[in-house]
Amino acid sequence: MGDVVNLNKARKAKARSDAKVVAEANRAKFGRTKAEKDRDRIDKARADRLVDGAKLED
């Protein structure tokens, strides 16, 4: 005979491992340092000023 498997424990273990994979992907996708956020904010402000300076008057 085969081993007895507690299906509830197996289901929960699979859910935990799936959640761990999703969490790792989210950390890679969204996790940024404060310096990276500040750099992006400064770059966006610079680009906005450049666009505003290039607008033509009506």
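The values are calculated or read from the model by the stated rules, or taken from the named source; none is laboratory data. Here the structure is a predicted model, which is why all the values come from computation and not from measurement. Cβ: placed from backbone, ideal geometry, glycine included. Neighbour counts: every protein chain shown. Note: accessible area is taken over every heavy atom of the protein model, side chains too, but ligands, DNA and RNA are not part of it. Shrake-Rupley method; radii C 1.70, N 1.55, O 1.52, S 1.80 Å.
Computing P(r) over Cα pairs in 5 Å bins from 0, in percent directly from the structure and comparing it against (1) 4, 14, 10, 10, 10, 9, 8, 7, 7, 5, 5, 4, 3, 2, 1, 1, 0; (2) 4, 19, 32, 30, 11, 3, 1; (3) 4, 19, 32, 25, 12, 6, 2 singles out (1).
Once the Cβ-Cβ distance of ASP52 and PHE30 is raised to the sixth power relative to R0 = 25 Å, the FRET efficiency obtained is 0.30. Since only VAL4, ALA28, ILE42 are under comparison, the one whose Cα sits farthest along the positive direction of the charge dipole of the chain, derived from C-beta charges on Lys, Arg, Asp and Glu, is VAL4. Each other residue within a Cβ distance under 12 Å of ASP48 adds +1 if Lys or Arg and -1 if Asp or Glu, for a net charge of +3.
Note on the chain: with neighbouring protein chains present and a 1.4 Å probe, carbon and sulfur make up 58 percent of its accessible heavy-atom surface. Solvent-accessible surface of the chain, averaged per residue with a 1.4 angstrom probe and all protein chains in place: 102 square angstrom.
Mean residue ellipticity at 222 nm from the helices of the chain, using -39,500 (n - 2.57) per DSSP H segment of n ≥ 4 over the full residue count, to the nearest 500 deg cm²/dmol? If you can, show how the numbers build up before the last one.
Working: 2 runs with 44 residues, N = 58.
Dividing the helical sum by the residues of the chain leaves -26500 deg cm²/dmol.
Ignoring lysines fewer than eight residues from LYS37 along the same chain, the ones with Cα atoms less than 16 angstrom from its Cα are LYS29.
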